[in-house]
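Peer 1: Input: one structure, supplied below.
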Amino acid sequence: MAAGSCLLLLLLPSLVAASHSPPGCKIRITSKGLDLVKQEGLRFVEQELQNITVSDLHGNEGQFQYNISQVKVTDLQLAFSDLNFQPQQHLVFNVNNASISLRFRRQLLYWFFYDIGSINASADGVHIHTVLQLAKDEAGRLKISNMTCDASIAKMHAGFSGTLRKVYEFLSTFIVTGMRFLLSQQICPSLEHASLVLLNSLLDTVPVRNYVDEHIGIDYSLLRDPSVSTDTLDLDFKGMFFPRVREDQELENHAVEPVIKETERMVYVAFSEYFFDSAMHSYFQAGVLSIELQGEKVPKDLEVLLRATFFGTIFMLSPSVDAPLRLVLQVSAPPRCTIKPSGTSVSVSAFLNISLVPPDRPPVQLSSMAMETKLSAKVFLQGKALRVQLDLRRYGRGPTGARGESPPHPTHDCFLLSRFRIYSKQSALESLALFSLQAPLKTLLQLTIMPIINERTKKGVQIPLPEGMDFTREVVTNHAGFLTVGADLHFSKGLREVIEKYRPVPTAAAYSSSRPAEPSLDPSSL
């Protein structure tokens, strides 16, 4: 028994760690961001309530037979509304003292008198209380998993006109009471459909697991249900890249977990070192971290220097002295990212093989050297895409680039001296001889190799936001082990526009069954 207890205590830390995997990417939506969502969401709710379908109301009172049909919402006043966070997983939407204006068709048969016309009505003191529960689904996507709703109408008025206006006023108690009941019964089903069907279709536009390019993909699945406080909503995403040749590959996350403390902006997105490490590890696994230059692609100045450096070896290879040079740069291990408050850097180890390529003969290797470099990395947003630009030069601190070059996008600029060194894998003496090549090769990397690498990563990777929602006024801030992007939000497309784009096309049967029946004009049908 004691042994079993000791074993459980030993396994407990690993079980806790497994149940709380650190996120590679974290998003925080603040109350300021929720206010923007409320403005757009209120327009969406108004549109949904205007499409309410109310069943026909018919009955009789003595010799009077009446039918109310073709009920249509003509105006909505939702002036007093609010959207708030509610711990632990909920959003609360309240509408108080709203009013709804209606217009509907009336038909009345009293003995042999038949009257037809329209009625204008208004529902006042409309109160709606809605609670949305947020959760991750089986695919790791954020969803509205449940909804509770309560709606009530304090009072309702109807205005009558026509030859039998007095009769309608006599029957108004029956008509208005019935109409108030039917209308209040349709509010919550309409909002439930809007939330569980339409808004969830909007959340389906958030990328979860998709391809970045022809070599790698990104997994943005949620690790757990969202965490909601009174002021914020936090989402923990896996944030792991994977090589497309091995999509089931998992890279264990040992990086520091991002911690977001700020609440001044509408949204904050944090990325740990694991996020960037998994990208570089995936490119390495895909076998694309290599570049070959041969013949005319080798810069002329560097070719002259290399031929002078290896003159003795080349001279002994006659008649291959004039054979073209080939440089093959191959990354030897997955690059590693380091994020500090002072800046972001990427450490790279690589092999550089220099060869002569005589026509119709096997290549002749002149040298095989190891290279170690630490690249400066600038992280910035372009639209919803996170981009990284690598450089061998250094940049000064400050938003305007007081020292060094000014960054082309809003970013946390760094004062970081890139490191570069080469050495021979064969002997210390050859390493000494290669010292004169260090500066030219660094220039080669900066002018030739770095543009190729940055061009490959130019597209960037999309941040998981719904379609139609974009960032503005972005600011990147470095921390120990992670960086954050603080930004405001704006809607480039309305909720309705995006939802209609992805709304399933209803079948003919569904359309006919959901369409309200046309009222009969024949008095005998009353």
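The values are calculated or read from the model by the stated rules, or taken from the named source; none is laboratory data. What you see is a predicted model; the values in this text were computed from it and never measured. We place every Cβ from the backbone using ideal geometry, glycine too, and count neighbours over all the protein chains shown. When the accessible area is computed, the model is the full protein with side chains, heavy atoms only, and any ligands, DNA or RNA have been set aside. Shrake-Rupley method; radii C 1.70, N 1.55, O 1.52, S 1.80 Å.
Peer 1: Can you confirm whether residue 465 is of a type in the set (A, V, I, L, M, F, W, C), part of a loop (DSSP other than H, G, I, E, B) and at pLDDT 85 or above?
Peer 2: It is true that residue 465 is of a type in the set (A, V, I, L, M, F, W, C), part of a loop (DSSP other than H, G, I, E, B) and at pLDDT 85 or above.
Peer 1: Looking only at the range 41-82, how many residues end up being farther than 20 Å from residue 149 by Cα and in contact (Cβ under 8 Å) with a residue 24 or more places away in the chain?
Peer 2: Qualifying residue count, the range 41-82: 19.
Peer 1: A follow-up question, please. Sort through 482, 471 and tell me the only one that's closer than 23 Å to residue 203 by Cβ, in the same structural domain as residue 272 (by the TED database) and either open to solvent by 10 Å² or more (accessible area, probe 1.4 Å) or among the hydroxyl-bearing types (Ser, Thr, Tyr) (or both).
Peer 2: Sole residue among the options that is closer than 23 Å to residue 203 by Cβ, in the same structural domain as residue 272 (by the TED database) and either open to solvent by 10 Å² or more (accessible area, probe 1.4 Å) or among the hydroxyl-bearing types (Ser, Thr, Tyr) (or both): 471.
Peer 1: Starting from residues that are part of a strand (DSSP E or B) and open to solvent by 60 Å² or more (accessible area, probe 1.4 Å), keep the ones in the range 139-163 and report whichever is farthest from residue 219 (Cα to Cα).
Peer 2: Keep residues of the range 139-163 that are part of a strand (DSSP E or B), which gives 142-159.
Checking which are open to solvent by 60 Å² or more (accessible area, probe 1.4 Å) leaves us with 145-146, 148, 150, 154-155, 157.
On the way: 145: 22, 146: 25, 148: 32, 150: 38, 154: 49, 155: 52, 157: 55 Å.
Result: 157.
Peer 1: Given the conditions (1) on the phi < 0 side of the Ramachandran plot; (2) over 21 Å from the mean Cα position of the chain (by Cα); (3) modelled with pLDDT of 85 or more, and given that residue 314 satisfies all but one, which numbered condition is not satisfied?
Peer 2: Of everything listed in (1) on the phi < 0 side of the Ramachandran plot; (2) over 21 Å from the mean Cα position of the chain (by Cα); (3) modelled with pLDDT of 85 or more, residue 314 misses just condition (3).
Peer 1: Report the residue count in the range 342-384 for those that are over 30 Å from residue 477 (Cα atoms), part of a loop (DSSP other than H, G, I, E, B) and not hydrophobic (A, V, I, L, M, F, W, C).
Peer 2: Residues flagged as over 30 Å from residue 477 (Cα atoms), part of a loop (DSSP other than H, G, I, E, B) and not hydrophobic (A, V, I, L, M, F, W, C) within the range 342-384 amount to 6.
Peer 1: Which number in (1) in a loop (DSSP other than H, G, I, E, B); (2) at pLDDT 85 or above; (3) not β-branched (Val, Ile, Thr) marks the one condition that residue 390 misses?
Peer 2: (1)
Peer 1: Would a scan of the range 501-518 turn up a residue that is open to solvent by less than 20 Å² (accessible area, probe 1.4 Å) and either at pLDDT below 85 or not assigned by the TED database to the domain that holds residue 71 (or both)?
Peer 2: Quick first cut of the range 501-518, residues open to solvent by less than 20 Å² (accessible area, probe 1.4 Å) only: none.
There is no residue in the range 501-518 that is open to solvent by less than 20 Å² (accessible area, probe 1.4 Å) and either at pLDDT below 85 or not assigned by the TED database to the domain that holds residue 71 (or both).
Peer 1: Tell me, please, whether a residue that is acidic (Asp, Glu), open to solvent by 40 Å² or more (accessible area, probe 1.4 Å), farther than 26 Å from residue 92 by Cβ and at pLDDT below 90 can be found in the range 212-220. It would help to see each step written out before you state the result.
Peer 2: The first filter runs over the range 212-220 and keeps only residues acidic (Asp, Glu), leaving 213-214, 219.
Narrowing the set further to residues that are open to solvent by 40 Å² or more (accessible area, probe 1.4 Å) leaves 214.
Add one more test, that the residue is farther than 26 Å from residue 92 by Cβ, and what stays is 214.
Add one more test, that the residue is at pLDDT below 90, and what stays is none.
Checked the range 212-220: no residue is acidic (Asp, Glu), open to solvent by 40 Å² or more (accessible area, probe 1.4 Å), farther than 26 Å from residue 92 by Cβ and at pLDDT below 90.
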